[in-house]
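What follows is one structure encoded as structure tokens, with my remarks underneath.
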Amino acid sequence: MTMRTSLASWQALAEHAQEMQQQHMSDLFSQDQARFNKFSIQLPNMLLDYSKNLVTSATMQKLIALANECDITTWRDKMFQGERINRTEDRAVLHTALRNREKMPLMLDGENITDSVESALAKMKAFSEQVRHGLWKGYSGKRITDVVNIGVGGSNLGPQMVTEALKQYSDGSVNVHYVSNVDGTQIANVLRPLDPEKVLFIVSSKTFTTTETMTNAKTAVKWLVSSSFDEKAVAKHFVAVSANKDNAMEFGIAQENIFDMWDWVGGRFSLWSAIGLPIAIDLGFDKFIELLEGAHEIDQHFCQAPLAHNAPVILALLSVWNCTFLGAKSQAILPYDQSLHMLCAYMQQAEMESNGKSVTWQGNDVDYPTVPSIWGGLGINGQHAFYQYLHQSNNVVPADFIGSVKSVTPVKGHHQTLMSNFFAQTQALMSGVDEQQVKADLKAKGRTQQYIDKVAPHKVHKGNRPTNSILMQRISPRTLGSLIALYEHKIFVQGIVLQICSFDQWGVELGKGLANDIQKELDENKVNKNHDSSTRGLIHYYLNCV
Ligand code: G6Q
């Protein structure tokens, strides 16, 4: 397989990057009044404006040539058709099959998985309705008022981010809580105000072996049994979502209360499956389906739109342009919508766990920068904190600004202020403020020449900082589904262009095994002499003080 760096389009981009680094975006805007029209895409429920990137039409043509040379469309079709593109784990990658709303048959290993998905959805529907309507009773015959989802990583971040984002759509029939951390503080805080007779636990774990989740689940069992004085209560208060039925049953969960997961769905892409059960319980099954429909709309766009007008493809190519060719090392995710306060954490896992790797498909070290580290947070809060860095540090941080045209919670006078900041920030990051302007402003304010000369260099903003703006109509199950799917496909395309295995996570697997041996040492108060002196010293200090 050809090395990416030897592709004609790659080399053309490397050369073009040198030229473009001499350009300023504000000049590109002055030279071309049609820039916004050229570099924006309207999707059914959202607008993507990528005109505030350091690109020209020539750049975009070269990036599309790269996408073509990397056979993006062929790889995309392989993914949707269920080829085993997760090579290191020898698995298909079919989260898109979970939201195949046209219900097209899809054969995998001789089985029509659309049927499996549909029957899993039917089971989720029946169960979520029973819980929401008070028909699922606890051991003492009382209705369930609180659901606690126990899971971590992909079995937590997706559903929790969605639950938080769609809070306004919940009718409050049931309160949904999340426990992911093995730090006992979290589960203790969540359980303290709850009534064991009215709580349902969902143990979400694809493997049903994850230590943190198993520890939390056992603590939840103890909490329940210590109040019910009956182990049989577990059957009424625990369900599981897992691909490992045997382990879930051994844990004590009744077979009929186990919801399916499949090895062709990666954890971080699994909120569309029964991992999304807390979402369905919180919002109602119909809204869960709307979430799937929103994602399906983007799946169709991804499959049908020409590459030059294909939003996830464009986002991926711009990331490659900004990071691999122009040298950016991190990227900020900046929602201007309170509902999306967990989006950055979700995106950190989605992009960094997928593409934060440094060998190619063939196992060779990559000889180019790959994906950025992702960070960020709510835009307005960030403006009063880390935006200083975005505007004036000597690291350029490309940023995605995400906002909504209409607020989901309109409060008079707030939304215009919020969105004015969105627009003003992207403008300032692009145009900057040059020395001449700074000096003129200070002069107009009547400052002395001495003061102007001292302060002016500090007030210069070089601008030329790339941003994408995503404007959603309004946060809803449908638009949120579309937004998540947009990023999922972006990450897929990024992985193909960079020749990275996006669907494994060996770094996470390493972490899963690492602590086990040390935990034995802590439990037995015996420190292994073979540790390095730092690890030995830390463990000794801990054991001496504990
Ligand atoms: C996701 C990762 C990882 C995983 C968690 C939980 O893609 O593989 O975040 O979801 O480690 O794993 P289990 O669901 O198996 O408990």
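The values are calculated or read from the model by the stated rules, or taken from the named source; none is laboratory data. Since the structure is predicted, the reported quantities are computational estimates derived from the model, not experimental observations. Cβ coordinates were reconstructed from backbone atoms using ideal geometry, including for glycine residues, and neighbour counts include every protein chain displayed. To get the accessible areas, we keep the full protein, side chains included, count just its heavy atoms, and leave off ligands, DNA and RNA. Shrake-Rupley method; radii C 1.70, N 1.55, O 1.52, S 1.80 Å.
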Note to self: Taking the criterion of being outside any loop (DSSP other than H, G, I, E, B) and away from the ligand (no atom under 16 Å from the Cβ), would at least one residue in the range 511-518 satisfy it?
What the structure shows: yes
Next item on the list: Those residues that are within 16 Å of the ligand (Cβ to nearest atom) and buried (at least 19 other Cβ atoms within 10 Å of the Cβ), I need them from the range 185-209; list them, please.
Entry: I187, F201, I202, V203, S204, S205, K206, F208
Margin query: Here are the criteria: (1) within 16 Å of the ligand (Cβ to nearest atom); (2) part of a helix (DSSP H, G or I); (3) out of contact with any strand residue (DSSP E or B) (no Cβ under 6 Å at 6 or more places or on another chain); (4) under 28 Å from T215 (Cβ atoms). Tell me which single one V182 does not satisfy.
Written below: (2)
Next item on the list: Determine, yes or no, whether G495 is in contact (Cβ under 8 Å) with a residue 24 or more places away in the chain, part of a helix (DSSP H, G or I), within 16 Å of the ligand (Cβ to nearest atom) and open to solvent by 50 Å² or more (accessible area, probe 1.4 Å).
Entry: no
Margin query: Name the single residue that is farthest from the ligand (Cβ to nearest atom) among those in the range 210-233 being free of Cβ contacts under 8 Å to residues at least 40 places away in the same chain and outside any helix (DSSP H, G or I).
Written below: F229
Check: Within the range 21-74, can you find the residues that are closer than 17 Å to N322 by Cα and out of contact with any Ser or Thr (no Cβ under 9 Å at 6 or more places or on another chain)?
Finding: Q21, Q22, L54, V55, T56, S57, A58, T59, M60, Q61
Item checked: helices (runs of 4 or more DSSP H) within the range 355-440 that include 2 or more residues of a type in the set (S, T, Y) -> 387-392, 414-431
Item checked: Subset of the range 53-73 (residues that are in a helix (DSSP H, G or I), under 25 Å from the mean Cα position of the chain (by Cα) and of a type in the set (S, T, N, Q)) -> T73
Checklist line | Qualifying positions in the range 110-146 - within 30 Å of N189 (Cβ to Cβ) and touching a residue at least 60 places away in the same chain (Cβ under 8 Å) | finding: M124, F127, S128, E129, V131, R132, W136, K137, G138, Y139, S140
Notebook entry, point to check: How about the range 291-337: which of its residues are in a helix (DSSP H, G or I), surrounded by 19 or more Cβ atoms within 10 Å (Cβ to Cβ) and acidic (D, E)?
Noted result: E297, D299
Note to self: Quick test for you: out of V147, V162, V152, V176, pick the one residue that is under 25 Å from the mean Cα position of the chain (by Cα), at pLDDT 95 or above and more than 13 Å from L277 (Cβ to Cβ).
What the structure shows: V152
Check: Among the residues of the range 478-491, is there at least one that is buried (at least 23 other Cβ atoms within 10 Å of the Cβ) and farther than 27 Å from S339 by Cα?
Finding: no
Notebook entry, point to check: Checking G134 against (1) assigned to a loop (DSSP other than H, G, I, E, B); (2) out of contact with any strand residue (DSSP E or B) (no Cβ under 8 Å at 6 or more places or on another chain); (3) away from the ligand (no atom under 16 Å from the Cβ), which single condition isn't satisfied?
Noted result: (2)
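When you go through V148, V239 one by one, which is the residue that is within 16 Å of the ligand (Cβ to nearest atom), open to solvent by less than 10 Å² (accessible area, probe 1.4 Å), in a strand (DSSP E or B) and touching a His at 6+ places or on another chain (Cβ under 6 Å)?
Exactly one of V148, V239 is within 16 Å of the ligand (Cβ to nearest atom), open to solvent by less than 10 Å² (accessible area, probe 1.4 Å), in a strand (DSSP E or B) and touching a His at 6+ places or on another chain (Cβ under 6 Å), namely V148.
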Next item on the list: Mind listing whichever residues of the range 151-172 are in contact with a helix residue (DSSP H, G or I) (Cβ under 7 Å, 6 or more places away or on another chain) and within 16 Å of the ligand (Cβ to nearest atom)?
Entry: G151, V152, G153, G154, S155, L157, G158, P159, M161, V162
